[in-house]
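Written below as structure tokens is the structure these notes are about.
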Amino acid sequence: MINSIQKMSRDLSPSEHLILKCLCTGQSNLAITESTHFTVKSVENAISRSARVFGVTSTPNINLRVLLALAYRANFLEPDFGSTEKARAHLSFL
């Protein structure tokens, strides 16, 4: 279950924060590059680094971007998200 998402192993950089905020709104990598002016490679690298920060990995049935958005949301956008019924409903598939 939620043990797929760990506590952060380090602080996120300002660019990682910006990219993850965009990811949480459902933007594709291309859309993120257009709104932030980062390169596609920079966005891809930031997403990969951020996944390692949260200890998030994908499987054939679980999308890394979804887990990363949930982890970011729980840590920064809605700190009480992880303890709510809403979070349990979102994470019940894990």
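Evaluating THR36 against the criteria (1) within 10 Å of the chain's Cα centre (by Cα); (2) of a type outside the set (A, V, I, L, M); (3) surrounded by 15 or more Cβ atoms within 10 Å (Cβ to Cβ) leaves one unmet condition, (1).
I need the full set of residues from the range 52-81 which are open to solvent by less than 40 Å² (accessible area, probe 1.4 Å) and modelled with pLDDT under 85, in order please.
Step one: filter the range 52-81 for residues open to solvent by less than 40 Å² (accessible area, probe 1.4 Å), giving 53-56, 62, 67-72, 74, 81.
Correct list: ILE62, ALA74, PHE81.
Residues in the range 39-51 that are within 10 Å of the chain's Cα centre (by Cα) and either open to solvent by 70 Å² or more (accessible area, probe 1.4 Å) or among the β-branched types (Val, Ile, Thr) (or both): ILE47 only.
The values are calculated or read from the model by the stated rules, or taken from the named source; none is laboratory data. Fair warning: this is a prediction, and the values are worked out from it, not measured in the lab. For neighbour counting, all protein chains shown are included, and Cβ atoms are generated from backbone atoms with ideal geometry for every residue, glycine included. Ligands, DNA and RNA are excluded from the accessible area calculation, which covers all protein heavy atoms including side chains. Shrake-Rupley method; radii C 1.70, N 1.55, O 1.52, S 1.80 Å.
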